[in-house]
Each structure stands twice: as C-alpha cells, then as structure tokens.
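Report on the structure given below.
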Amino acid sequence: MNHFPLFADLHGKDVLVVGGGAVAERKARSLLSAGACVTVGAPEIGRSLRTLQAGGTIRCINTSFAEDWLDDIWLVIAATNDRSLNQQVAAAAQARRLFCNVVDDPELSSFQVPAIVDRAPLTIAISSGGSAPVLARRLRERIESLFDHSLGTLAELARQKRPEIRRALPDLAARRGFYDWLLDGPVFQALRRGHEDEAQTLLDDALAAGQTIRPGKVVLVSAGPGDPGLVTLKALRALNEADIILHDRLVSREILGLARRDATMIHVGKTPGEDHEATQSRIHRLMVEHAEQGRYVVRLKGGDAFIFGRGGEELEYLADHGITYEVVPGITSALACAAYSGVPLTHRDHAQSVRFITAHRHKHASPEEWRAMALPGQTLVFYMGVGQLDGLAAQLIGNGRTPDTPFALVENGSMNSQRALYGTLGELAGQAAKHSIRSPALLILGEVAALGPRLAWFGARISAPETEPLAALP
Ligand code: SAH
C-alpha cells in the first residue's frame, strides 16, 4: 500500500488553499462542504472566490505566498499553475510537518485527494495514489451508478439507530447479520421506493422483535442477449448483491464475470438425458430452497425473462410458495439482433407491426394463424428457429408470403462472434445450411430486413448473392 487511506474531520479547522483560480475554487468548495475554515491566498483572486469572501464564507489573503500563511493551519492545498511556487509551498509545509497536496503533482504531494462517491454520511473514496487520476474518476463513475442515493438515507438511518442496535444485539455476529438484513432486506427496499416512514417502522419492529435473520428472496434478472454493455444498472446491482446465481446456458461469460466474486454460481441448464420439465422443476426447487435459507437468489436468464424464458412459470411457483420476488427486465434478443444487424423492426413505409414467435409454433399453428403470419407489411421474429427453417419457409410461402420477402438471420447477436446472414425467404434454409448458422440465432422476416445490408454496422455480414439491398422494398 503506497498511501494510507484516511478520512479527516476538518470541521472548524483552518485549511489553506494557495491559488486564486478555478482549481483553487473547486478545492475550496469541497473543503467547505466538509466543514473546514478555508483561507485562500494568491496575488490575484477570481471573482467567485471573492464573492465567497464577501459573504464571509472564506478568508482571502491577497498577496504573494509567505511562509507565515501556514501558521495555525492543519492542511495545505497548492493549486497554482506555477510549479516553482507549488514547490515552495510544498517545501514550507514539509518543514512544518503539515500535509500538503499539490494538485495533479504526486511528486510534490504528501497526500492525495481521492475521487469520491458521496452518499453522506457514507463516502466511498478511490485513489490511484496520484498515478492515474483519470482511471480513479472512471471507476468513480462506475461505482456512482452501482449505488443509488437511498444508500445515503440508509446509512443515516443506521447512524441514528446505532446505539439502539448495539443495545439490542450486543453480540457482534448477530449485529453483522442485522446490518446484512438492513442492506439486503425490506428496509432498504422501502427506502429505494422512497418510503422512509415504512423503512423506519420496519427497522423499529425488527429491533423490538430482535429479528436478525434476513428473509431470502429471488430476483428474476434478465441479462440481455450477450453484450455486457446491454445489462441494465438494476441487473448489475442484483448481480453484485447475490449470494446465489442460478443461470442458463445462454448467459455469456462476460456477464457472469460482473457478479459478486464470492457469489455461488449454479449452472441450471438442461443436463444430458434430462427432459425440459425435469430441468424446470429442479430450478423451481433450487430457487425455493435457497430463498428459504435466507439467501439472496438471482435467477439469471438470457434476453428478457418474460419472452420465451419461462419467467412467468417460475414466478407462479415462487408466488405459490410464498417467496418474495422481484423482476428485472432486459433486452430481448429480438431487439438486440435487430439493432445490431441494422434492421428496424417497424418502419413507417414497410412494417406497421411486429410479432415475436417461437419457431416451435410451426408444428402447431392453425391454418388461420399461418395465413395471418403470411400477410405482408408486418415483421415476424422467430426465436429458436435454426433447426426448422425449411418447414417455416414452406408454410409461409404456402400461405401466401412471397419467396422474395427479405430476411435477416442473426447468429450470436450482439456478441463479438455475431454473424448476420441476409437473403430472401425462398433461399432461407439453403443459405443458412450453406453458411452453417448455428443456435443461438434469430430470424427476422419482413420487408424491413432489406434495410439490413445497408444499415448493418456490427459483426460479420453475409449477403446471399441474390439479395439486392432495398430493391425488394415495395
Ligand atoms: N428469453 C430469451 C429467449 C430465450 S429462447 C430472449 O428474450 O432473448 C432462446 C432463443 O433466443 C434462441 O434459440 C435464439 O433464437 C434467441 N437468442 C437468444 N440470444 C440470442 C443471441 N445472442 N443471438 C441470437 N439469438 C438469440
């Protein structure tokens, strides 16, 4: 460790900022917000600093630096653009054993000011020891997005209740359990919903009952189609809080990498020889078992859990068993594949509606359904279709869709390995076989698909030779 991290209490303490420009002002303001008595010294002092002085908020010394500015000072920040002056300030501070930070100059500094995430009274500080402040700031942005502002309210509540919590739970392990419950349980959830009174009541009730076991819950999290950039902030938060993650085959390794390091990962995809129903009941059992043991369970699914993801069935099971749950929606592969292959699913001129269909329907659809699907002016998106392209195309053409209807077949959509094949319905199965398109792949069929070869911007692109971009559009 190069630097010892420290949170200094500067309330009522004299602090010196040398410099009169914008940087000095920024430093002065942040010191003021920590309650310090700020003196700013420089031959020229900027307007807003002078306004602060006029309001009595800071003291200003309007001359060149002199060592006696350091009399009675606790901490110094040099924020001038003159390195030799900064050097002089740093040396004078050093001689008096005062900590001094020279802005953007780790060599001259005896302390660093970290990038902070302010959730007062909770503060998260990040420092690269002056070696890469931009990196620290980038990290700060990420952390900023991980913790919403209700965390500050929770910390304030915990501060107020601290003596009571100590009294009610003298045992450290029990207290730790209680704080876990505070953070993961209904109190924080109530704060997130903006219900402070409810949070207060829940906390008081729990203390009165000596409640230390947090109840478990399941969060049904939709992970999106594969690109980690398409994971929502809520999903990220859940992945960071989970004790147990039950995930499918379709969830990419990069996304699993975003989860809390010590979370237990359980792959719950279909195992060889197991039928779908057995897999599903195993998942149901696992969710309930872990939640009943008080764990925070994340059930992680590819795309969106409510689109061909059996999310509904899983919630029904949880509801029947009285388990608390939440649902985090995600980007379904239809939206991602469309975006990443340059095919708008609707278009004022070419498609007024869009349907998401499982290709398995192909075996069961009624003649009326086929005729409706074969109508022009709409976009059809088939999930799970790679093995059935032949039958699908035959039915659609047989029911009136013209063989020159454009398609886009997108394999590994949104991932680095994405391939998009563009062509027309008549040649769909042949082209897919020729280019060995494999699951997961999504079929987008309709006039809009003709825009793909022109608008595509991501991944590998294969255009069947017969396709003439846009020529097929009516
Ligand atoms: N709930 C998921 C769908 C699960 S069904 C969602 O909302 O996306 C599985 C089918 O989804 C696959 O057979 C494939 O058709 C499609 N799919 C999922 N991820 C995909 C991806 N990255 N690229 C292309 N198709 C994908």
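Residue-by-condition table, conditions (1) open to solvent by less than 60 Å² (accessible area, probe 1.4 Å); (2) within 16 Å of the ligand (Cβ to nearest atom); (3) touching a helix residue (DSSP H, G or I) at 6+ places or on another chain (Cβ under 8 Å); (4) of a type in the set (Phe, Trp, Tyr):
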residue: 177; (1), (2), (3), (4): yes, no, no, no
residue: 181; (1), (2), (3), (4): yes, no, yes, yes
residue: 203; (1), (2), (3), (4): yes, no, yes, no
residue: 216; (1), (2), (3), (4): yes, no, yes, no
residue: 222; (1), (2), (3), (4): yes, yes, yes, no
residue: 225; (1), (2), (3), (4): yes, yes, yes, no
Quiz prompt | Residue within region 292-313 that is open to solvent by 40 Å² or more (accessible area, probe 1.4 Å), of a type in the set (Val, Ile, Thr) and away from the ligand (no atom under 13 Å from the Cβ) present | solution = no
Quiz item: Could you give every pair whose Cβ atoms fall below 6 Å, whose first residue belongs to region 203-222 and is modelled with pLDDT of 70 or more, and whose second residue is among the aromatic types (Phe, Trp, Tyr), counting only separations of at least 6 or pairs across chains?
Solution: 218/325
Quiz item: Among (1) of a type outside the set (Gly, Ala, Ser); (2) buried (at least 18 other Cβ atoms within 10 Å of the Cβ); (3) within 22 Å of residue 125 (Cα to Cα), which single condition is residue 65 missing?
Solution: (3)
Quiz item: Does region 183-193 hold any residues that are under 17 Å from residue 234 (Cβ atoms) and either open to solvent by 60 Å² or more (accessible area, probe 1.4 Å) or in contact (Cβ under 8 Å) with a residue 24 or more places away in the chain (or both), and which are they?
Solution: 183, 184, 188, 191, 192, 193
Quiz prompt | Matching residues, region 1-18, being loosely packed, with under 10 Cβ neighbours inside 10 Å and aliphatic (A, V, I, L, M) | solution = 1, 6
Exercise. Scan region 322-332 residue by residue and report those that are small (Gly, Ala, Ser) and either more than 9 Å from the ligand (Cβ to nearest atom) or over 19 Å from residue 234 (Cβ atoms) (or both).
Key: 322
Quiz item: If you go through region 314-352 one residue at a time, how many are crowded, with 21+ Cβ neighbours inside 10 Å and of a type in the set (Ser, Thr, Tyr)?
Solution: 4
Quiz item: With respect to the numbered conditions (1) of a type in the set (Lys, Arg); (2) open to solvent by 10 Å² or more (accessible area, probe 1.4 Å); (3) within 16 Å of the ligand (Cβ to nearest atom), which one is the sole condition not fulfilled by residue 282?
Solution: (3)
Quiz item: Do we have residue 355 as closer than 28 Å to residue 456 by Cβ, within 16 Å of the ligand (Cβ to nearest atom) and open to solvent by 60 Å² or more (accessible area, probe 1.4 Å) here?
Solution: yes
Quiz prompt | Test set (1) at pLDDT 95 or above; (2) open to solvent by less than 40 Å² (accessible area, probe 1.4 Å) - residue 105 fails condition number | solution = (1)
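Scan the strands (runs of 3 or more DSSP E) fully inside region 391-462 and keep the ones with 1 or more residues being buried (at least 17 other Cβ atoms within 10 Å of the Cβ) and away from the ligand (no atom under 16 Å from the Cβ).
406-411, 419-424
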Exercise. Might you let me know whether region 450-468 holds any residue that is out of contact with any strand residue (DSSP E or B) (no Cβ under 9 Å at 6 or more places or on another chain), in the same structural domain as residue 347 (by TED's automatic domain parsing), farther than 20 Å from residue 226 by Cβ and at pLDDT 95 or above?
Key: yes
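The values are calculated or read from the model by the stated rules, or taken from the named source; none is laboratory data. In this text the structure is predicted, and so the values were computed from the model without any measurement. Methodologically, a virtual Cβ is constructed for each residue, glycine included, from the backbone with ideal geometry; neighbour enumeration extends over all protein chains shown. SASA here: full protein model, heavy atoms, side chains in, ligands and nucleic acids out. Shrake-Rupley method; radii C 1.70, N 1.55, O 1.52, S 1.80 Å.
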